[in-house]
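Please read the structure below before turning to the comments.
Please treat every number below as a calculation from the coordinates, not as lab data. Treat the numbers as computed from the prediction; the structure is a model and nothing was measured. Positions of Cβ are generated from backbone atoms using ideal geometry, with glycine treated the same way; all protein chains shown enter the neighbour counts.
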2 protein chains.
Amino acid sequence: MSSRTLFFVTSNPGKLAEAKAILSASGVNLESKNVEITEIQGTIEEITRDKAKRAAEQIGGPVIVEDTCLCFDALKGLPGPYVKHFLKEIGTRGLTNMLAAYDDKTAQAVCTFAYCEPGSEPILFEGRTKGKVVRARGEGSFGWDPIFEYEGSTYAEMDSYQKNKISHRFKALQKLTAWLEEKHG
Amino acid sequence: MSSRTLFFVTSNPGKLAEAKAILSASGVNLESKNVEITEIQGTIEEITRDKAKRAAEQIGGPVIVEDTCLCFDALKGLPGPYVKHFLKEIGTRGLTNMLAAYDDKTAQAVCTFAYCEPGSEPILFEGRTKGKVVRARGEGSFGWDPIFEYEGSTYAEMDSYQKNKISHRFKALQKLTAWLEEKHG
């Protein structure tokens, strides 16, 4: 394995493609590993750190992992890291409904990447985008993209060029890229 | 350690007192262990099994653990095992608000105990009580007791005698007690 090859532990082809495209610019060859890592309950940081450590141990080499949260301000940051379970069970409509009692529809999309080598502490890279939760708009079917609005457009209404300029995932990947470039000189 | 002594891994004195009282009738001496066990994300069963296995390994003897869920029917069972995080962040009012968009306020209170010996598979005992979510009523300050109504009264409006006849925790402990009595003859 070359020192510029990194394993991305994910079972989500969309996330892999996005990360691969962004990291290839800095000469990093990203390969996916679909390893089953059970996520813990906790804060965004605790969940990502734990996942990164166990992934690095299982694979026996440097890995990156990712966790995505949707944090409703009116719900003090929840559903946060549990949003995937809500999305699976009640869909985007159900997520929007969770805010029916509140005028405040603001939310933060948070993406946290972690880089970890076996036996070392993970290093975290967080991207955060502030927006609001709306009734679904747009053709995108990726997660909760249709209900997250940023400056008048939902993620699902943006093309990937537009979205990548402001998305929580892009911001996190930019930080990771900058760090990898510095590390590898 | 006598064969009738069992460790209950919990940091909640209320849960310990309740379990101790119920299990003492069957000659089981319950002692608490406040061991930090990180909970995983998953189904009720997955979370309880995982916690029981790791607690038994850490303690090196038979343990019981418990997990409590509040499952809103309109939200397809959520917040479920994540209810503790919602309760902590947004309180009972916030939990009630999560159902503002729905006429269906029905919910299920689910308590799952697991008995586990090191190296063995956990055995699960589930208690489930069907009720509905209401605006807080009653003096009880135990978790979400004030917003869970069963046949006209919230848990918080019931005395412990009333509550113990129908509560999800009592039903689960009854099953555990019956199993322990059979096991110990």
Worksheet item: In region B:123-148, how many are among the aliphatic types (A, V, I, L, M) and not in a strand (DSSP E or B)?
Response: 3
Discussion item. Given (1) without any contact (Cβ under 8 Å) to a residue 60 or more places away in the chain; (2) surrounded by fewer than 16 Cβ atoms within 10 Å (Cβ to Cβ); (3) not β-branched (Val, Ile, Thr), identify the lone condition not met by B:Glu57.
Written reply: (1)
Discussion item. Every residue in region B:85-94 that is more than 10 Å from every other protein chain (Cβ to nearest Cβ) and either within 16 Å of A:Leu95 (Cα to Cα) or more than 15 Å from the chain's Cα centre (by Cα) (or both), please.
Written reply: B:Thr92
Worksheet item: Among the residues of region A:149-185, which ones are part of a loop (DSSP other than H, G, I, E, B) and either touching a Pro at 6+ places or on another chain (Cβ under 6 Å) or within 24 Å of A:Ile64 (Cα to Cα) (or both)?
Response: A:Ser167, A:Gly185
Practice prompt. May I ask you to list pairs of residues, at least six apart or on different chains, whose Cβ atoms are under 6 Å apart, with the first in region B:28-41 being within 14 Å of another protein chain (Cβ to nearest Cβ) and the second being acidic (Asp, Glu) and crowded, with 18+ Cβ neighbours inside 10 Å?
Written response: B:Ile40/B:Asp50; B:Gln41/A:Glu39
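Let's see how each residue does on (1) hydroxyl-bearing (Ser, Thr, Tyr); (2) under 29 Å from A:Tyr161 (Cα atoms); (3) out of contact with any Cys (no Cβ under 8 Å at 6 or more places or on another chain):
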position: A:Ser11; (1), (2), (3): yes, yes, yes
position: A:Ala25; (1), (2), (3): no, yes, yes
position: A:Ser32; (1), (2), (3): yes, yes, yes
position: A:Gln58; (1), (2), (3): no, no, yes
position: A:Val63; (1), (2), (3): no, yes, no
position: A:Leu70; (1), (2), (3): no, yes, yes
position: A:Ala109; (1), (2), (3): no, yes, no
Worksheet item: Before we move on, is B:Ala100 free of Cβ contacts under 8 Å to residues at least 60 places away in the same chain, within 14 Å of chain A (Cβ to nearest Cβ) and either closer than 26 Å to B:Lys183 by Cα or assigned to a loop (DSSP other than H, G, I, E, B) (or both)?
Response: yes
Response to the item:
Here the residues within region A:141-166 that are buried (at least 19 other Cβ atoms within 10 Å of the Cβ) and in contact with a helix residue (DSSP H, G or I) (Cβ under 7 Å, 6 or more places away or on another chain) are A:Gly143, A:Trp144, A:Asp145, A:Pro146, A:Ile147, A:Phe148, A:Tyr150, A:Thr154, A:Tyr155, A:Ala156, A:Lys163
Discussion item. Quick check on my filter: what residues within region A:43-72 are within 22 Å of A:Thr129 (Cβ to Cβ), within 11 Å of another protein chain (Cβ to nearest Cβ) and in a helix (DSSP H, G or I)?
Written reply: A:Glu46, A:Ile47, A:Lys51
Discussion item. Looking only at residues that are in a loop (DSSP other than H, G, I, E, B) and not polar (S, T, N, Q) in region A:26-42, which one is surrounded by the most Cβ atoms within 10 Å (Cβ to Cβ)?
Written reply: A:Val28
Discussion item. Can you pull out every residue in region A:73-84 that is crowded, with 19+ Cβ neighbours inside 10 Å, under 12 Å from A:Trp144 (Cβ atoms) and at the interface with chain B (Cβ under 10 Å from one of its Cβ atoms)?
Written reply: A:Pro79
